[in-house]
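These notes are about the structure you will find just below.
The values are calculated or read from the model by the stated rules, or taken from the named source; none is laboratory data. The model shown is predicted, which means the values in this text are computed figures rather than measured ones. We place every Cβ from the backbone using ideal geometry, glycine too, and count neighbours over all the protein chains shown.
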Amino acid sequence: MPNVSAPLIWTGSALVLSALLTEASILYARRRNLIDEPGMRRSHSVPTPRGGGIGIVVAIVVCGLMPTLGTPDFPILWLVPPVLGVALVGWADDHGGLSARKRFATHCAAAVWFFVLPAIFVAFGTPAFNYLSRAQIWLAVSIEILTVLGAVWSINLHNFMDGINGILALQAIFVLAVLAGLEHHASATSGSWQYVIWIAAIAGFLPFNFPRARIFMGDVGSGVIGFLIAVAVCWQMNLPDIAPASGIVACSAFVTDATCTLISRMFRGRRWYSAHREHLYQWLVRCGHSHARVVAFYMGWNLLIVLPVIFCMNRSSALDSTGSGIAAAAAVYTLAVIVWFVGKRRCLAVVRARSRHAAA
């Protein structure tokens, strides 16, 4: 972007547009009866409209992506088709359900479009590609496959973690703010301004969802946020002067809770793809903690553990050692798994004790 005033205008516009569209989506959801009712597999106690994330999506596309047309950041427009694709299947799912197979196929197509197709165009347009060894080609293909799988998992895990008021919006704001700060420090201003605009779009939705939820984000918003966070982390990993694992560490709270819960359900023979309330944040709510307090727990992890580690990883001395960054990320995730395991056991003990007391 050529100057500072234009990004500031688009940032303010994203905030206002998101808020206006979220307000309108409340009326739309009530008219179309898009209401999430309380139940055994939900963590809310009041019927609440869903689909408010459409305001976030429109604000990001209109104020963040489309303005890059005709600018040096024009390739960012490559994001528009996959973002709209993920949003479309989420919107359809919010309106009455969509098969898991169709959602998964669309998520894979979006990831392939953004992460694989540009790499293919660049590779075949580079003369040096003809001189790559078979091992180098297989390594590149393996990286692309892992990237696509990581992006698809990011879409779905952020959907899974969108189960209580404010938790996804605040987590996304935190991760994007960290990445924006790192990229600004590394003089990657175009990417950092994109993240600021995305943050503004999410912030426009937040007052409608936290601390009291007038509307839920729905799959239309959670899926797009998950995809954009995967994009942001991959962009950051390819930038010099930033520890490659910084974005992965920033996402540790959500990645750990969603992944550990999925693995746990699979090992116990549960239908891991069906709706449930077995994430740690949901167990904390079942133990009697308010939504706001549980969100504070996750933000506490981000501020007390994640931020200091990322700061240490990105000191000039630490940047000279890739191994130290990997070790720091491994340590954060090891600690996160321990916290998840201990927290889950304590929640189970509390709920079981409460059940025995009630039965007596």
Checklist entry - Any idea which of 162, 241 is closer than 24 Å to residue 88 by Cα, modelled with pLDDT under 95 and charged (D, E, K, R)? => result 162
Checklist entry - Which residue out of 198, 193 is crowded, with 24+ Cβ neighbours inside 10 Å and of a type in the set (A, V, I, L, M, F, W, C)? => result 198
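From the list 265, 293, which residue is part of a helix (DSSP H, G or I), of a type in the set (Lys, Arg) and modelled with pLDDT of 95 or more?
After ruling out the rest, the residue left standing is 293.
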Item to check | Identity of the residue in the stretch 262-290, hydroxyl-bearing (Ser, Thr, Tyr) and farther than 17 Å from residue 167 by Cα, that ends up surrounded by the fewest Cβ atoms within 10 Å (Cβ to Cβ) | outcome: 274
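Test residue 198 against the criterion of being among the aromatic types (Phe, Trp, Tyr) and under 13 Å from the mean Cα position of the chain (by Cα), and give yes or no.
yes
Every residue, every condition in (1) out of contact with any Asp or Glu (no Cβ under 7 Å at 6 or more places or on another chain); (2) within 19 Å of residue 86 (Cα to Cα); (3) in a helix (DSSP H, G or I); (4) hydrophobic (A, V, I, L, M, F, W, C), yes or no:
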{"residue": "137", "(1), (2), (3), (4)": "yes, no, yes, yes"}
{"residue": "142", "(1), (2), (3), (4)": "yes, no, yes, no"}
{"residue": "152", "(1), (2), (3), (4)": "yes, yes, yes, yes"}
{"residue": "155", "(1), (2), (3), (4)": "yes, yes, yes, yes"}
{"residue": "202", "(1), (2), (3), (4)": "yes, yes, yes, yes"}
{"residue": "206", "(1), (2), (3), (4)": "yes, no, yes, yes"}
Item to check | In the stretch 217-250, residue nearest to the chain's Cα centre (by Cα) [restricted to those that are surrounded by fewer than 22 Cβ atoms within 10 Å (Cβ to Cβ) and not aliphatic (A, V, I, L, M)] | outcome: 234
Checklist entry - So which pairs qualify, if the first residue must be in the stretch 188-214 and in contact (Cβ under 8 Å) with a residue 24 or more places away in the chain, the second must be part of a loop (DSSP other than H, G, I, E, B) and acidic (Asp, Glu), the Cβ gap must be under 7 Å, and the two must be at least 6 apart or on different chains? => result 190/73
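Only one residue in 49, 81, 72 is touching a residue at least 40 places away in the same chain (Cβ under 8 Å) and surrounded by fewer than 17 Cβ atoms within 10 Å (Cβ to Cβ). Which one?
72
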Checklist entry - Could you say which residue among 145, 199 is β-branched (Val, Ile, Thr) and farther than 22 Å from residue 64 by Cβ? => result 145
Checklist entry - So, in the stretch 157-186, of the ones that are small (Gly, Ala, Ser) and assigned to a helix (DSSP H, G or I), which residue ends up surrounded by the most Cβ atoms within 10 Å (Cβ to Cβ)? => result 172
